[in-house]
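Working notes, structure below.
The values are calculated or read from the model by the stated rules, or taken from the named source; none is laboratory data. In this text, all values refer to a predicted model and were calculated from it rather than measured experimentally. No Cβ is skipped: glycine too gets one built from the backbone with ideal geometry, and neighbour counts run over all protein chains shown.
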Amino acid sequence: MPASLSASPVLPPSFQAPIGVFDSGIGGLSVLQALRHELPHERFVYLADSGNAPYGERGDAFVIARTRAIARHLVQAHGIKALVIACNTATAAAVELLRAELPDLPLIGVEPALKPASLSSQTRHVGVIATRGTVSSQRFARLVGEHGGRAQFHVQACDGLARAIELGTEAPLPADPTATETRALCTLYTGLLGSFGVKTGQMDTLVLGCTHYIFAKDDLRSLLGPEVQLIDTGAPVARQTRRLLAAAGHLAPEPAATPEHAVAGPTQLQLMTTGSLAALQSAAQRWLQLPATCCQQADMPQQPAAAHS
Ligand code: DGL
């Protein structure tokens, strides 16, 4: 029924419900940014599991348990209409299992952008940086198998980099931007990968296979030079989310057809963390120019995930 003809301006719950987005920490904010751009009329609930981060070096059982607990919480306490797992590591470990457990919930995962990288690389040498959990997963091996015919992938697990980015965001901006742990780790890992550039045999493309790494873009850019393309997954994930919501008939209406109270106001965006609130506020301000008032402590039980579950 067109909203303008409705006596009561209340929309069906599936339209009004928020989209859940989660990551081990602040990395998924890069995906949230793309989602807000693609779907400006939607409500979002973002959960940063910073109290249990990083996921990348914790092992599958831990990551699966956390992903399950968070998905359950976002469904039960926030009534989400779709879930974006804005974390490559959690997607690799748990997306298939979660699909089987929550068959009615549109579920969108992220994975390293090997396909677009292999299609656009001119030198046909592509660097890939991601967490240890992601690069050692079966999903990643399958991706490499699917797209390895077009380009050679040079893969590096980056222990500690996501954590350094989290801590660096909380710290005051350094006087010397090259004297950070994030910069040191970027130098180490890109150095281990080999030679970047546009000459034959060099890697002309670097896939950012962890949602945190886009926040080290300035460091990576200055280390690799302007000709190397950095590829992340925010925009394609946002487009896929739109497609799935449209297919389910759950897209929020455009403003013209939407009652005013349903599109504006503080409930439009809620950011929560299981870790440091100051860190989330600082990340939201620094990377997304959002006010600290969008952020709050997560309203979910703080129990650590059982390693064996
Ligand atoms: N941001 C996450 C990813 O995309 C993981 C970072 C971590 O917690 O290790 O893989």
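In the stretch 270-289, how many are of a type in the set (A, V, I, L, M, F, W, C) and buried (at least 20 other Cβ atoms within 10 Å of the Cβ)?
Taking the stretch 270-289 and keeping what is of a type in the set (A, V, I, L, M, F, W, C), we get 271-272, 277-280, 283-284, 287-288.
Now restrict to residues that are buried (at least 20 other Cβ atoms within 10 Å of the Cβ): 271-272, 279-280, 283-284.
Selection size over the stretch 270-289: 6.
In the stretch 222-229, the condition of being farther than 21 Å from T123 by Cβ and modelled with pLDDT of 95 or more is met by no residue.
Within 12 Å of the ligand (Cβ to nearest atom) and under 30 Å from L192 (Cα atoms), is that true of P112?
When the stated conditions are applied, P112 passes them.
Step by step: first the residues of the stretch 72-90, then only those that are touching a helix residue (DSSP H, G or I) at 6+ places or on another chain (Cβ under 8 Å), closer than 18 Å to Q16 by Cβ and not β-branched (V, I, T), then the one that is nearest to the ligand (Cβ to nearest atom). Which residue is that? Taking the candidates together, the pick is L83. Within the stretch 114-135, the set of residues being more than 22 Å from G201 (Cα to Cα) and assigned to a helix (DSSP H, G or I) comprises R132, G133, T134, V135.
Of P13, P2, P40, which residue is of a type outside the set (S, T, N, Q), modelled with pLDDT under 55 and on the phi < 0 side of the Ramachandran plot? Full working, then the answer.
Working: P13 fails: modelled with pLDDT under 55; P40 fails: modelled with pLDDT under 55.
Of P13, P2, P40, the one residue that is of a type outside the set (S, T, N, Q), modelled with pLDDT under 55 and on the phi < 0 side of the Ramachandran plot is P2.
Scanning the stretch 131-162 for residues that are within 12 Å of the ligand (Cβ to nearest atom) and more than 19 Å from V110 (Cβ to Cβ) turns up D159, G160. Taking residues in the stretch 87-100 that are farther than 8 Å from E111 by Cα, and partners anywhere that are more than 8 Å from the ligand (Cβ to nearest atom) and small (G, A, S), the pairs with Cβ atoms closer than 7 Å and at least 6 places apart or on different chains are A93/S137; V95/G109; L98/A71. Applying a threshold of 6 Å to beta carbon distances and a minimum spacing of six or more residues, or different chains, the list of pairs starting in the stretch 114-132 at a residue that is closer than 15 Å to H147 by Cα and ending at one that is aromatic (F, W, Y) reads V126/F153; V128/F153.
Put simply, of V63, V31 the only residue that is within 16 Å of the ligand (Cβ to nearest atom) and touching a strand residue (DSSP E or B) at 6+ places or on another chain (Cβ under 7 Å) is V31.
In this entry, D204 is excluded by the filter for residues that are under 22 Å from the mean Cα position of the chain (by Cα), among the acidic types (D, E) and at pLDDT 95 or above.
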